[in-house]
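The values are calculated or read from the model by the stated rules, or taken from the named source; none is laboratory data. As the structure is a computational prediction, the values presented were derived from the model and not from experiment. As a convention, Cβ positions derive from the backbone with ideal geometry for all residues, glycine included, and neighbour counts pool all protein chains shown.
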Amino acid sequence: MTVNILGSGAIGGLCAAGAQLSATPYRLWPRPGSTALNNVELLNGESVSLGPPDCADDALTANDLLIVPLKVTQLKEALKTWRHKLPASTAVILLHNGMGGMELAAKYLPDNPVFLATTSHGALKTSATCIRHTGKGETMLGSSPCHPTRAPQNTHIAEMMNRCIGPVTWRDDIETALWQKLAVNCAINPLTALNNIPNGGLLAAHYVETITAVCEEVCAVARVCKIELEVNTITEQVFNVIERTAENFSSMHQDVINKRTTEIEGINGYIVNQAKKKGIDVPTNTLLYKAIKAL
Ligand code: KPL
């Protein structure tokens, strides 16, 4: 099995470094027009040099695995291109912040085994070709509810993912894990980007009210989407992530500073949209969504 990793983003770079270090065959596919990554600096300061991309033959086989660590805003184009290069039995893993990927995969890859993943590893792009691993995390993996998969394959896919971006925990309730991560991103990402602060800056007392309000709103929307999240637990998780990643700059902060498209649509934008459909008021998420859009 060759692991195919799409894009030149920070998390894709970590996956490639993990594959290289575990001697797992992999190919890194930069997005059209972007430069291929060639170096990943690990937490211990050592560097992993990534081989040049081998893009001679871009058709995948049934045994290959495609990991898609792209922003949800880049996903539609990528899936539209890649669906012609994938046999229906090639497994695909979506790995992005925010929501919306599952629905796109259901539309463009209806027959493939599709897995959803979320990671708390921190990484940042230090140049067009270099990535730095900035915080150890873990990865949750499960089958997309729109694409039921088979148990023996699930174990194998979890093992491959473990080599790339472990440790991996298999979650039968992957949607709950995605909503938990969504709450973390809804609270941390826009606030750090708008205030130009590292994640730890949110420990200042004047952010507590806003963070709590974001968590309450996310839990209310989750409930009507049939996902049970408990406000106190979620708020505690958000503050744990803030403490654990205090020195890191969130991905949205990095996107804003580098004038890249942010993931706001799939994060606070997703909450605002779902809330509108269900007739719920989410004033804090709406405020943060609009403020990021206005930048
Ligand atoms: O996922 C993250 C991100 O920056 O996108 C967090 C968990 C907030 C860490 O920075």
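Values computed for the structure shown
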item	result
Top-ranked residue of region 224-252 - restricted to ones that are within 22 Å of GLU265 (Cβ to Cβ) and in a helix (DSSP H, G or I), ranked as nearest to the ligand (Cβ to nearest atom)	SER251
Cross-chain or 6+ apart pairs with Cβ under 6 Å, region 116-141 first and buried (at least 19 other Cβ atoms within 10 Å of the Cβ) and among the basic types (Lys, Arg), then modelled with pLDDT under 95 and part of a strand (DSSP E or B)	ARG132/LEU124
Residues of region 32-53 satisfying the condition of being touching a strand residue (DSSP E or B) at 6+ places or on another chain (Cβ under 7 Å) and assigned to a loop (DSSP other than H, G, I, E, B)	ALA36, LEU37, ASN38, LEU42, LEU43, LEU50, PRO53
Residue in region 253-295 that is surrounded by the fewest Cβ atoms within 10 Å (Cβ to Cβ), counting only those that are of a type in the set (Val, Ile, Thr) and within 12 Å of the ligand (Cβ to nearest atom)	VAL256
Matching residues, region 65-76, being in contact with a Leu (Cβ under 8 Å, 6 or more places away or on another chain) and part of a loop (DSSP other than H, G, I, E, B)	PRO69, LEU70
Only listed residue being in contact (Cβ under 8 Å) with a residue 24 or more places away in the chain, within 26 Å of SER8 (Cα to Cα) and assigned to a strand (DSSP E or B), chosen from THR192, THR169	THR169
Enumeration of residues in region 195-214 that are of a type outside the set (A, V, I, L, M), more than 14 Å from the ligand (Cβ to nearest atom) and part of a loop (DSSP other than H, G, I, E, B)	ASN196
Residue within region 49-56 that is acidic (Asp, Glu), surrounded by 12 or more Cβ atoms within 10 Å (Cβ to Cβ), within 22 Å of the chain's Cα centre (by Cα) and in the same structural domain as HIS133 (by TED's automatic domain parsing) present	no
Failed criterion for GLU247 (all others in (1) modelled with pLDDT under 95; (2) within 18 Å of ALA291 (Cα to Cα) hold)	(2)
Condition check for ASN4: in a strand (DSSP E or B), at negative phi, out of contact with any Gly (no Cβ under 9 Å at 6 or more places or on another chain) and modelled with pLDDT of 95 or more	yes
Test for ALA187: is it surrounded by fewer than 20 Cβ atoms within 10 Å (Cβ to Cβ), of a type in the set (A, V, I, L, M) and over 16 Å from HIS96 (Cβ atoms)	no
Candidates LEU14, LEU95, LEU66, LEU86, filtered to the one that is without any contact (Cβ under 8 Å) to a residue 60 or more places away in the chain and buried (at least 19 other Cβ atoms within 10 Å of the Cβ)	LEU86
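Here's the yes/no breakdown for (1) buried (at least 23 other Cβ atoms within 10 Å of the Cβ); (2) hydrophobic (A, V, I, L, M, F, W, C); (3) more than 13 Å from the chain's Cα centre (by Cα); (4) in a loop (DSSP other than H, G, I, E, B):
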site	(1), (2), (3), (4)
ALA78	no, yes, yes, no
ALA106	no, yes, yes, no
PRO110	no, no, yes, yes
THR149	no, no, yes, yes
ALA158	no, yes, yes, no
THR176	no, no, yes, no
